[in-house]
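Peer 1: If you scroll down you'll find the structure; I have some questions about it.
The values are calculated or read from the model by the stated rules, or taken from the named source; none is laboratory data. If you're wondering where the values come from, they're calculated on a predicted model, not measured in any experiment. Neighbour counts run over all protein chains shown; Cβ positions are idealised from the backbone, glycine included.
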């Protein structure tokens, strides 16, 4: 399973204002945050005439990856030593306009579980509702990027 986890503009503004490496506006900063998972689950299902219920649970592997990018230069800017000092990368004599300020990927094991109900409205109509939750704890102290030591 893949799930994109886009941040809000407020979160970007907080990240930019706390960054001591570069001064940028939130509209110059882009992020991507994704969650990938692979799980194995057991499904218990109890059928009734009109109502049925089920429970699902299992464990799996979860991988989160986040990147914070800064887009502040005009495309085609000629590479000079000062750009390297500010942390920009040069490619073929041109300053790269997509600079990664911080990136982090983390794997962990986790568990998931949920319950659901189905309602039969005839031979060909079935309404289903499911509530599902996951937990994949990771260490809070793992950091990377400009402020990591």
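Peer 1: How about the stretch 95-113: which of its residues are surrounded by 15 or more Cβ atoms within 10 Å (Cβ to Cβ) and either modelled with pLDDT under 90 or farther than 18 Å from residue 64 by Cβ (or both)?
Peer 2: Once the filter is applied, which keeps residues that are surrounded by 15 or more Cβ atoms within 10 Å (Cβ to Cβ) and either modelled with pLDDT under 90 or farther than 18 Å from residue 64 by Cβ (or both), the stretch 95-113 yields 95, 96, 97, 99, 101, 102, 104, 113.
Peer 1: Give the stretch 14-47 a look and list any residue that's at pLDDT below 75, closer than 24 Å to residue 106 by Cα and surrounded by 11 or more Cβ atoms within 10 Å (Cβ to Cβ), or say none.
Peer 2: 14, 15, 16, 19, 21, 29, 30, listed by residue number.
Peer 1: In addition: Of everything in the stretch 77-93, what is touching a strand residue (DSSP E or B) at 6+ places or on another chain (Cβ under 6 Å) and at pLDDT 75 or above? Give them in sequence order. Lay out the reasoning, then the answer.
Peer 2: Going through the stretch 77-93, the residues touching a strand residue (DSSP E or B) at 6+ places or on another chain (Cβ under 6 Å) turn out to be 77, 79, 83, 88.
Residues satisfying the conditions are 77, 79.
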